[in-house]
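Engineer: Provided herewith is a single structure, encoded as C-alpha cells, for subsequent inquiry.
The values are calculated or read from the model by the stated rules, or taken from the named source; none is laboratory data. Keep in mind that what you see is a predicted model, and the values were worked out from it rather than measured. For neighbour counting, all protein chains shown are included, and Cβ atoms are generated from backbone atoms with ideal geometry for every residue, glycine included.
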Amino acid sequence: MKKIAIVTMIILSSVVVFGQSVNLESTVLADTAKTSVTVQRIEVSSHGVSLKYDYKANAEDVLGIIVPNIKLDSTSSIGIIALKLGDGGPADQFIIDGWYTKRFGNYSFLFEAARITCANARPCDFAGVRISNHLFTVEAYDISSTMFSPEEWNKENHSLMAWAAFHPKHAYFSAGYSEKQYWFFAGTRDFQHFGNLTFLNVDPKTGNYWMRSQTGIGNVNQAFYSLEMYNLATSYLVVPIPFYQHFSPISTKGNTAFKIDSRRVSGVTTTEAIVSKNINHGWLGVAAGINSCFKPNQPLRVAPSFELYKEFKTEKGRAVVELRYDMLAKAASAYLIFNY
C-alpha cells in the first residue's frame, strides 16, 4: 500500500506542476498463489522535461527527472537525468547522468558519462560513446569504481558492454558483449509486407541461452521493423538501463505474425511457438500458441497459451489492453497503457 500511495502522490503532484502529457503503464500478474501488480509506471512530461517513476515488485524501484534534449545549435544537443534506484534503504543508488550529441556530416556522435553513488559502497562511474552513420552503429560503455584511478585498474574492476551493427538498406545485423554474455541480432527492415527480427543471447559459462524470432506478414509494423527500433532493442538488451522497456506482443507485428521464443536457464528449457492474426483490419489482435517445458530426467510438459491485444484511440490520447494466459504456468497477465 505504501508503494501505491507514493505513486498516487507523484501522479497528483506531477499533473499539477507539469500537467501536459501523462503516461501510465501497469503489469498485473495472477497465478495460483496470488494476484499482484508487478510493474507500475507513471510518467509526466511538459516542455521537454519528464518525471518518471517505475515501481517494480521484483526489482529496484526507479525515480528519475529527465531533460533529454537541450539544443545547443543545429547539430548538437545535451541531455541530463537524475535517478534514484532502490526501495528506501542504505543500498539505494543515486545517479547523475549526462550526454552530448553532435552531427558531423553523415556521422552522429554521442558521449555519455554518469556518476553512481551509494551510502554503503564506493562510487562508480559509467561512460560510453556511440558513433553511427547510414551503414553502421557502434556503441561501447564501461562501468567501474576505479575509472579515474589508473593505479587501481584491473580487469575485475571493470564491466565492459559493447555492440556493433551493420545496417544496409533492407537488413540489420549486430553483435554485442555484456556481463560475459554474447548477443546476436538479425532483421529485415523497410519492407511493406514482410518483416523479421531474430536475436540470440548465449552465456558460454552456464550454457544458458535466449532466442526469439518474430515474423510479420502483410502490412507489417513499420515502426517495429525499423533501424531505430533495432538499435533501441540492441542497446537496451546489451547495455541495461534502470527503466524497463516494454515491447508490444506478436499480434502488433503484422496482419499475420509468428513468434518462436526459447530459453534455457539452469538446465530447464522452455519454448513457445505462437501465431497471431489481426481481425477486422487491426480492430483486435488474437494469438494462440504452444508452450513446452523440458527438465532433465522429467517428461516433457506441453500446454497452450493465448493472447489478446486491443488499442483504443481518441483525439486526446490512447489506451491499450494486452492480455495473456499461459496454461503451462497456470498464470494470467495483463499489460495496460493509458496516455493523454
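Engineer: Is it true that G64 is part of a strand (DSSP E or B) and in contact with a Pro (Cβ under 7 Å, 6 or more places away or on another chain)?
Structural biologist: It is false that G64 is part of a strand (DSSP E or B) and in contact with a Pro (Cβ under 7 Å, 6 or more places away or on another chain).
Engineer: Only residues that are under 22 Å from the mean Cα position of the chain (by Cα), of a type outside the set (V, I, T) and farther than 16 Å from D61 by Cα: list them for region 71-99, please.
Structural biologist: G79, D97, G98, W99
Engineer: Any residue in region 126-147 that is in contact (Cβ under 8 Å) with a residue 60 or more places away in the chain and farther than 15 Å from W99 by Cβ sitting within a Cβ distance under 8 Å of a residue that is assigned to a strand (DSSP E or B) and of a type outside the set (G, A, S)? List the pairs, counting only those 6 or more apart or interchain.
Structural biologist: Short answer, once both residue conditions are applied: T137/R130; T137/I131.
Engineer: Mind counting the residues in region 313-340 that are surrounded by fewer than 14 Cβ atoms within 10 Å (Cβ to Cβ) and of a type in the set (D, E)?
Structural biologist: Number of matching residues: 1.
Engineer: Next up: For the condition touching a Lys or Arg at 6+ places or on another chain (Cβ under 9 Å) and over 30 Å from G64 (Cα atoms), what is the one hit in G282, G207, G254?
Structural biologist: Of the residues listed, the single one that is touching a Lys or Arg at 6+ places or on another chain (Cβ under 9 Å) and over 30 Å from G64 (Cα atoms) is G207.
Engineer: Restricting to region 110-160, and then to whatever is at pLDDT 85 or above and either assigned to a helix (DSSP H, G or I) or of a type in the set (V, I, T) (or both), can you tell me which residue is farthest from the chain's Cα centre (by Cα)?
Structural biologist: Result: T117.
Engineer: Turning to a different aspect of this structure: Looking for something in contact (Cβ under 8 Å) with a residue 60 or more places away in the chain, in contact with an Asp or Glu (Cβ under 8 Å, 6 or more places away or on another chain), more than 20 Å from R189 (Cβ to Cβ) and surrounded by fewer than 17 Cβ atoms within 10 Å (Cβ to Cβ) - is there at least one such residue anywhere in region 244-267?
Structural biologist: Among the residues of region 244-267, at least one is in contact (Cβ under 8 Å) with a residue 60 or more places away in the chain, in contact with an Asp or Glu (Cβ under 8 Å, 6 or more places away or on another chain), more than 20 Å from R189 (Cβ to Cβ) and surrounded by fewer than 17 Cβ atoms within 10 Å (Cβ to Cβ), which makes the answer yes.
Engineer: Go through the residues of region 183-199 one by one and say whether even a single one is more than 30 Å from N278 (Cα to Cα), within 24 Å of the chain's Cα centre (by Cα), of a type outside the set (V, I, T) and modelled with pLDDT of 95 or more.
Structural biologist: yes
Engineer: The conditions are (1) surrounded by fewer than 18 Cβ atoms within 10 Å (Cβ to Cβ); (2) within 25 Å of R41 (Cβ to Cβ), and K295 fails exactly one of them. Which is it?
Structural biologist: Of everything listed in (1) surrounded by fewer than 18 Cβ atoms within 10 Å (Cβ to Cβ); (2) within 25 Å of R41 (Cβ to Cβ), K295 misses just condition (2).
Engineer: Separate question: So, in region 39-80, exactly how many residues are surrounded by fewer than 18 Cβ atoms within 10 Å (Cβ to Cβ) and touching a residue at least 60 places away in the same chain (Cβ under 8 Å)?
Structural biologist: Going through region 39-80 one residue at a time, the tally reaches 1.
Engineer: Just checking, how many residues over region 27-42 are assigned to a strand (DSSP E or B) and farther than 14 Å from D61 by Cα?
Structural biologist: Final tally of qualifying residues: 6.
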